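Notes follow the structure.
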């Protein structure tokens, strides 16, 4: 018997693009197949090429439905993979929405880019289309939290609640090695101990090897109890200036968190009654799933109690959910104040780019960033204060105010990560993924101070034997 090996093909020294490959005598298992999000040139290079043959993958496990974890599944199956795809029930339902929307956005963004650059003879091609997305979705085999399943012969798996987004899972894998049975635990993205919607993460017992995200290594989040006050202050400024608050938001989880906070503030009379537009067909569909599943195991008890009291925690008199392109375009001619919540959260595609193009040059407007902005993304450039940015290849002056609210993060912060590792008690090693170099270094230092040993920050393509 050869010992299993794990190698890291995305989100190793960076955030986004999670892809981790486990090779055993019985076959090859891929943990997540995420899309890299960043500068268009980097993204094209990293997303169009796999470091392993897609046809060699015998099973895929999906931790959750964010695009940086599921977004390359259609390309994987398009290029020869024919493996079963395992996820929780919630993730399976949400992934259908995410991949269909991702395919449509890639096609429409490519068409728009090619149109405005026709004179320069510049063109791009989408990675995949809706047919490719549907092909991948046809391989889904959902599993319940806490139920054992076998993705490969001799490998037993179980999902635990990760507390990150609806349906998110920590994957527990029991393997055979030359030295005996070993347990590998992959967190995917890990939720916070204090959350707005989700239950806190479960900690699997008996961990030998832990593969854990490190997005916020070295950093602590603001208190979620302050979120309403900070958001109210931004809304009041917009009312005073008559401007628009444009919120680039992840369609999954972040949009629902913001709408939930707005629902509470409007109910309690804490902010002026301004129109709120959720302008993302994907976010609209996902919010419908959240509303339908609001008694789901993933949700925290306090949210479920509020939902029962309120009746509709994602709906109120001043909100409109927009699906059509015409409704989206009509916002360009509407006067503020108003809130526009639109994907994508890192400003790398989707309708928010059109709202930014229309509003970023006006000083009465506010661009409110409410999620992690990966290196190289347009959102990161705005966050870092760039005064000239390109949208669809055309330069724009930044006159709008750029604000950031870190409080909304659904990722564990440094103290949450350290607490999870200490509780998991990994006996043989910790692999830090899904974090930029500074974050991994800071988390390594914090874990070392707690007596955690064998902490590894793998490089792209690096392989390790599990013994």
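The values are calculated or read from the model by the stated rules, or taken from the named source; none is laboratory data. Note that the structure is a prediction, hence the values are computed from the model and not measured. Note that we place each Cβ from the backbone using ideal geometry, even for glycine, and neighbour counts take in every protein chain shown.
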For the range 198-214 the number of residues that are farther than 13 Å from residue 162 by Cβ and in a loop (DSSP other than H, G, I, E, B) is 5
Being surrounded by 16 or more Cβ atoms within 10 Å (Cβ to Cβ) and either within 17 Å of the chain's Cα centre (by Cα) or free of Cβ contacts under 8 Å to residues at least 40 places away in the same chain (or both) narrows it down to one residue among 229, 253, 268, 288; which is it? 253
Quick one: in the range 326-347, of everything that is outside any loop (DSSP other than H, G, I, E, B) and over 24 Å from the mean Cα position of the chain (by Cα), which residue is farthest from residue 239 (Cα to Cα)? 326
Going through the range 193-211 in order, the residues found to be under 20 Å from residue 298 (Cα atoms), in contact with a strand residue (DSSP E or B) (Cβ under 7 Å, 6 or more places away or on another chain) and in contact (Cβ under 8 Å) with a residue 60 or more places away in the chain are 197, 198, 199, 201, 204
Over the range 291-327, the set of residues in contact with a strand residue (DSSP E or B) (Cβ under 7 Å, 6 or more places away or on another chain) and free of Cβ contacts under 8 Å to residues at least 60 places away in the same chain is 318, 320, 321, 322
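Every residue, every condition in (1) in contact with a strand residue (DSSP E or B) (Cβ under 7 Å, 6 or more places away or on another chain); (2) surrounded by 24 or more Cβ atoms within 10 Å (Cβ to Cβ); (3) at pLDDT 95 or above, yes or no:
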| position | (1), (2), (3) |
| --- | --- |
| 37 | no, yes, no |
| 54 | no, no, yes |
| 78 | no, no, yes |
| 82 | no, no, yes |
| 108 | no, no, no |
| 111 | no, no, no |
Within the range 369-376, can one find any residue that is over 23 Å from residue 165 (Cβ atoms) and in contact with a strand residue (DSSP E or B) (Cβ under 6 Å, 6 or more places away or on another chain)? no
Determine which single condition residue 407 fails, assuming it passes every other condition in (1) over 21 Å from residue 112 (Cα atoms); (2) free of Cβ contacts under 8 Å to residues at least 40 places away in the same chain; (3) part of a helix (DSSP H, G or I). (2)
Scanning for something free of Cβ contacts under 8 Å to residues at least 24 places away in the same chain, farther than 28 Å from residue 325 by Cβ and assigned to a loop (DSSP other than H, G, I, E, B), does the range 41-61 turn up at least one residue? yes
Odd one out for residue 392 among (1) surrounded by fewer than 21 Cβ atoms within 10 Å (Cβ to Cβ); (2) modelled with pLDDT of 95 or more; (3) on the phi > 0 side of the Ramachandran plot: (2)
Flag for residue 380 being over 22 Å from the mean Cα position of the chain (by Cα), outside the structural domain of residue 215 (by TED's automatic domain parsing) and surrounded by fewer than 22 Cβ atoms within 10 Å (Cβ to Cβ): no
